[in-house]
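Asker: Sharing a structure, written as structure tokens. Questions coming.
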Amino acid sequence: MTGLIARRSGGPSAGLLLITLGAVALERFGFSADTPTLTVIECLALLVFGLPHGTFDLALLRRASSASFQAGSILAVVALYLGCAAAMYLAWRVGPVFALAGFLVMAVAHFAEDWDACGSSFIACGMAAAIVSAPSILHVDQLRGLFALLTGATAGAVLADMLLLFAPAAIAVASIGWVLLWQAGQRSLAVSAGCALAAMLLLPPVPGFALFFCLVHSPMQFRRHADSLGLRGFQQWGGIVVPLSLAGLGIAAAVFIENGDASIPTNLFATSFMTLSILTVPHILMPKIAAFFQPQRRISRAGAASDRAILSASHGAG
């Protein structure tokens, strides 16, 4: 079975490897992907190809809910989902430096899910931290400028220096994770991890992140959730992915307008990363919200509470 999975995933892995090697080679030969025109394309790709993997969140919630679950409670959870997104938007407006720092921490926690197969949550987090911090090693000046642009303050550049402090240790842990994936027979995941780290390390920050997010993280999560829900064809695309992706693009358009009169590449860069962070908060919380409404989990919690009450009473009687 492992061999069959490896063969099925070999095509995408080979394609990802070729694209990554090609992008790195072009960069080394002076064909930079960090131009204003390409920045616009890369940021649009983040929105168009990055948002769809989060469109299954509400479907996962509906599946987790029991048939007798009250509609009002579902609406309350949806309101909580939107409230989390609104809170992140307000964070960008009130304290952008803290919003960016929070987004980086959330990104590490979320990207770590991609590498669970290495068998250690610590190493999976190390792999995610390596991907997030890798641009600081060879492109720290660009990263400082981008962070200052996102936050509107030079204090944002300090976050790039903090990433530079963590990067060597994180990459060392990621190397161990890569070996564990390879030894476990997860060759496709190992190739994806190598390409993600190479792109974030060797390419400028925006194209490197676009390659990782659009060709590694998003497809991985999209396939995982689609397979989990058993969705295919129009039910998947027409019923969920397309309409909710358009809703996400609507949020991005509102952020773009709100950001003001900056140049289109600058504004679109800020818009794409702010939108991703705004939607990342409920996206990360969604599994926890869904787990809370699992009937089995509620029963087990109630049973555990009852057992504790009985045990406490028996001790009291003794």
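The values are calculated or read from the model by the stated rules, or taken from the named source; none is laboratory data. The shown structure was predicted, so the numbers you read here are calculated from the model rather than taken from an experiment. In this analysis, Cβ positions are derived from the backbone assuming ideal geometry, glycine residues included, and neighbour counts consider all displayed protein chains.
Asker: Considering only residues of segment 159-180 that are over 20 Å from Met106 (Cβ atoms) and of a type in the set (Val, Ile, Thr), which is surrounded by the most Cβ atoms within 10 Å (Cβ to Cβ)?
Answerer: Among residues in segment 159-180 that are over 20 Å from Met106 (Cβ atoms) and of a type in the set (Val, Ile, Thr), the one surrounded by the most Cβ atoms within 10 Å (Cβ to Cβ) is Ile171.
Asker: A follow-up question, please. Can you tell me which residues in segment 128-158 are crowded, with 19+ Cβ neighbours inside 10 Å, of a type in the set (Val, Ile, Thr) and under 17 Å from Phe209 (Cα atoms)?
Answerer: Ile131, Val132
Asker: Could you list, in sequence order, the residues of segment 224-248 that are at pLDDT 90 or above and within 17 Å of the chain's Cα centre (by Cα)?
Answerer: Those that are at pLDDT 90 or above and within 17 Å of the chain's Cα centre (by Cα): Ser245, Gly248.
Asker: Something else about it: Which is more than 25 Å from Ala23 (Cβ to Cβ) and either assigned to a helix (DSSP H, G or I) or of a type in the set (D, E, K, R) (or both), of Phe122, Phe209?
Answerer: Phe122 is the lone residue from the list that is more than 25 Å from Ala23 (Cβ to Cβ) and either assigned to a helix (DSSP H, G or I) or of a type in the set (D, E, K, R) (or both).
Asker: Let me ask something else about it. Could you run through segment 239-250 and say how many residues are touching a residue at least 12 places away in the same chain (Cβ under 8 Å) and farther than 14 Å from Asp57 by Cβ?
Answerer: Number satisfying all stated conditions: 1.
Asker: Just a yes or no: is a residue in segment 108-127 surrounded by fewer than 20 Cβ atoms within 10 Å (Cβ to Cβ), in contact with a Ser or Thr (Cβ under 6 Å, 6 or more places away or on another chain) and touching a residue at least 12 places away in the same chain (Cβ under 8 Å)?
Answerer: Among the residues of segment 108-127, not one is surrounded by fewer than 20 Cβ atoms within 10 Å (Cβ to Cβ), in contact with a Ser or Thr (Cβ under 6 Å, 6 or more places away or on another chain) and touching a residue at least 12 places away in the same chain (Cβ under 8 Å), which makes the answer no.
Asker: Can you name every residue in segment 181-193 that is within 26 Å of Pro135 (Cα to Cα) and either surrounded by fewer than 20 Cβ atoms within 10 Å (Cβ to Cβ) or touching a Pro at 6+ places or on another chain (Cβ under 7 Å) (or both)? Step through it out loud before you land on a result.
Answerer: Taking segment 181-193 and keeping what is within 26 Å of Pro135 (Cα to Cα), we get 181-182, 186-193.
The answer is Trp182, Arg187.
Asker: Given the residues Gly15, Gly102, Gly30, which is the only one that is within 20 Å of Leu146 (Cα to Cα), at pLDDT 85 or above and not aromatic (Phe, Trp, Tyr)? Write out each step before concluding.
Answerer: Numbers: Gly15 fails: within 20 Å of Leu146 (Cα to Cα); Gly30 fails: within 20 Å of Leu146 (Cα to Cα).
Unique residue meeting the criteria: Gly102.
To keep it simple, each residue is scored yes or no on (1) touching a strand residue (DSSP E or B) at 6+ places or on another chain (Cβ under 9 Å); (2) β-branched (Val, Ile, Thr); (3) surrounded by 22 or more Cβ atoms within 10 Å (Cβ to Cβ); (4) closer than 19 Å to Leu60 by Cα.
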{"site": "Ala198", "(1), (2), (3), (4)": "no, no, no, no"}
{"site": "Phe212", "(1), (2), (3), (4)": "no, no, yes, no"}
{"site": "Ala226", "(1), (2), (3), (4)": "no, no, no, yes"}
{"site": "Leu229", "(1), (2), (3), (4)": "no, no, no, yes"}
{"site": "Phe234", "(1), (2), (3), (4)": "no, no, no, yes"}
{"site": "Trp237", "(1), (2), (3), (4)": "no, no, no, yes"}
{"site": "Ile264", "(1), (2), (3), (4)": "no, yes, no, no"}
{"site": "Thr271", "(1), (2), (3), (4)": "no, yes, yes, no"}
{"site": "Thr275", "(1), (2), (3), (4)": "no, yes, yes, no"}
